[in-house]
Amino acid sequence: MAAKPRPSREELRALHRRYKETTDPAERDRIRAQLVDAYRDFVYFLARKFQNRGEPLDDIVQVGYLGLIKAIERFDPDLGYEFTTFATLTVAGEIKRHFRDKGTAIRFPRRLQELHTSVVRVNEQMKNELGREPTVAELAERLGVTPDDVTEAIEMGPAYVPLSLDQPIGSSDGQDARSIADQIGTADPELDRVEMRDVLNRAMEHLTPRERAIMAMRFYEQLSQSEIARRLGISQMHVSRLQRAALERRWFREAQRKGSPQPDALALATADARGSPSARMVLFKGIEKEGFLFYSNYESRKGHDLAANNRAALVFYWPATGHQVRVSGRVSRLPRAASTTYFHSRPRGAQLSALASRQSRVVTSRAVLEKAVAELDRLYPKTVPLPSDWGGYALRPDWIEFWEHRADRLHDRLRYARKRGRGWRLERLAP
Ligand SMILES: Cc1cc2nc3c(=O)[nH]c(=O)nc-3n(C[C@H](O)[C@H](O)[C@H](O)COP(=O)(O)O)c2cc1C
């Protein structure tokens with residue numbers, strides 16, 4: 001018998017919609033059977049990723065079908081994301097739960113474990129040689145394997161190899177005894193986040209696989225940096241650096257590539273003690289553990305606002321990419337040593353201006369300012385001292401919102417809100 005042609009995307013979408021609408025049990029059975037048939041290859045594809053772990057493939061596939069049927073039941077085609085994006089988690093979750101119930105820690109094949117070790121080693125070597133992270137293609141060529149092998153080793157090997165599914169991911173004091181298996185085994189709370197994953201996956205397109213793996217662990221699984229470091233077999237500092245690089249790369253590389261002018265400019269909103277707001281542009285100088293960094297004058301209007309009320313908000317907007325990022329939180333001053341280092345990295349002219357300018361005060365003329373700069377230039381022929389009223393600030397976010405323009409005007413808004421204790425709650429906001 002000739003194989004039936006696979007239904008098109010539109011046909012599948014119509015089937016999902018009809019399945020959601022109809023209450024006729026016979027019709028539901030028929031549509032479910034059609035959908036299961038249509039996603040046969042998809043289930044096999046996922047099941048094969050769990051092969052060689054001591055279970056016959058056919059058994060894994062059967063478990064995968066259970067996950068598929070759950071996904072078909074729960075899928076809402078009107079929410080606009082792809083069924084396979086949605087179903088990947090349920091199907092893989094069902095398979096992982098199956099392994100967990102059988103008491104088997106998920107282990108990736110030895111080949112992948114070895115390749116992962118080699119990738120980490122060669123990645124370090126090449127980074128030193130090239131002065132940047134090597135690409136997957138470069139790693140593959142050096143290791144004599146395919147780029148797909150490298151990606152798999154990076155993304156799956158480190159994420160699971162040294163790890164038992166029963167390893168706790170909660171707090172170390174045992175207050176929160178959840179295990180990784182609990183996280184991936186209970187589908188419901190995870191499923192709520194599937195559509196966000198879809199958006200985030202798109203957002204992460206510009207990252208290297210390694211960065212993507214880190215971001216996924218950090219934001220999807222809400223692991224701490226030290227847990228990720230343990231998984232990847234690298235230092236926590238390295239994770240922190242990669243995570244920061246990933247965030248910045250994602251924001252700026254894309255904005256710059258598409259020609260957003262001054263992608264590091266952000267609007268900073270503060271309010272004084274009486275709640276009177278004011279906003280201005282400042283330059284974003286990176287993310288450190290203290291938060292989002294910027295530099296200014298401590299005696300300026302914003303300086304006085306922040307001294308009286310440390311709550312502030314900032315906004316980036318990149319017209320070329322249609323992305324907006326909003327951040328809100330509390331601001332603190334950076335240690336003086338950090339400000340000194342940054343101050344002396346600036347051009348001499350900028351240093352002299354900062355020293356001459358009592359920012360936000362009324363001045364009688366431009367000439368007064370120019371005269372002050374000229375005098376300071378003579379006074380400090382070598383090193384310009386850090387002004388006592390100038391330095392860095394860090395905004396530690398309580399929440400960060402990623403806003404993405406969508407052509408149908410149903411824009412995406414994803415907000416990470418800091419949870420009490422640790423981790424972030426991820427939620428979607430109506431546009
Ligand atoms: C693109 C751009 C970047 C700026 N960057 C900074 C900055 O990093 N730090 C700063 O103090 N002012 C910066 N300014 C000037 C501020 O917008 C503002 O005029 C100044 O900080 C005084 O604000 P205030 O009176 O509210 O304190 C920038 C202005 C623009 C347009």
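The values are calculated or read from the model by the stated rules, or taken from the named source; none is laboratory data. It should be emphasised that the depicted structure is a prediction, and the values quoted were computed from it without experimental measurement. Positions of Cβ are generated from backbone atoms using ideal geometry, with glycine treated the same way; all protein chains shown enter the neighbour counts.
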Every residue from the stretch 331-366 that is within 15 Å of the ligand (Cβ to nearest atom) and outside any helix (DSSP H, G or I): Val331, Arg333, Leu334, Arg346, Pro347, Ser357, Arg358, Gln359, Ser360, Arg361, Val362, Val363
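Within the stretch 395-418, does at least one residue satisfy the condition of being among the hydroxyl-bearing types (Ser, Thr, Tyr), surrounded by 13 or more Cβ atoms within 10 Å (Cβ to Cβ), modelled with pLDDT under 95 and more than 23 Å from Arg280 (Cβ to Cβ)? Working first, answer last.
First pass over the stretch 395-418, keeping only residues among the hydroxyl-bearing types (Ser, Thr, Tyr): 416.
Add one more test, that the residue is surrounded by 13 or more Cβ atoms within 10 Å (Cβ to Cβ), and what stays is 416.
Retained after the next criterion (residues that are modelled with pLDDT under 95): 416.
So of that shortlist, the ones also more than 23 Å from Arg280 (Cβ to Cβ) come out as 416.
Looking through the stretch 395-418, at least one residue is among the hydroxyl-bearing types (Ser, Thr, Tyr), surrounded by 13 or more Cβ atoms within 10 Å (Cβ to Cβ), modelled with pLDDT under 95 and more than 23 Å from Arg280 (Cβ to Cβ).
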Among (1) over 20 Å from the mean Cα position of the chain (by Cα); (2) within 12 Å of the ligand (Cβ to nearest atom), the one test that Asn309 misses: (2)
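This table checks each residue for (1) surrounded by 14 or more Cβ atoms within 10 Å (Cβ to Cβ); (2) closer than 30 Å to Ser224 by Cα; (3) modelled with pLDDT of 95 or more.
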{"position": "Glu254", "(1), (2), (3)": "yes, yes, no"}
{"position": "Ser260", "(1), (2), (3)": "yes, no, no"}
{"position": "Thr270", "(1), (2), (3)": "yes, no, yes"}
{"position": "Met281", "(1), (2), (3)": "no, no, yes"}
{"position": "Leu314", "(1), (2), (3)": "yes, yes, yes"}
{"position": "Arg330", "(1), (2), (3)": "yes, yes, yes"}
{"position": "Ala337", "(1), (2), (3)": "no, yes, no"}
When the residues of the stretch 340-359 are narrowed to those that are closer than 26 Å to Pro261 by Cα and small (Gly, Ala, Ser), which ends up surrounded by the most Cβ atoms within 10 Å (Cβ to Cβ)? Ala354
Tell me, which residue of the stretch 273-289 that is within 19 Å of Arg326 (Cβ to Cβ) and not in a strand (DSSP E or B) is farthest from the ligand (Cβ to nearest atom)? Gly286
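Is it fair to say Thr383 is more than 32 Å from the chain's Cα centre (by Cα), among the hydroxyl-bearing types (Ser, Thr, Tyr) and modelled with pLDDT under 95? Spell out the reasoning first.
Details: more than 32 Å from the chain's Cα centre (by Cα): yes; among the hydroxyl-bearing types (Ser, Thr, Tyr): yes; modelled with pLDDT under 95: yes.
Yes.
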Tally up the residues in the stretch 55-95 that are within 27 Å of the chain's Cα centre (by Cα), small (Gly, Ala, Ser) and within 17 Å of Asp37 (Cβ to Cβ), please. 3
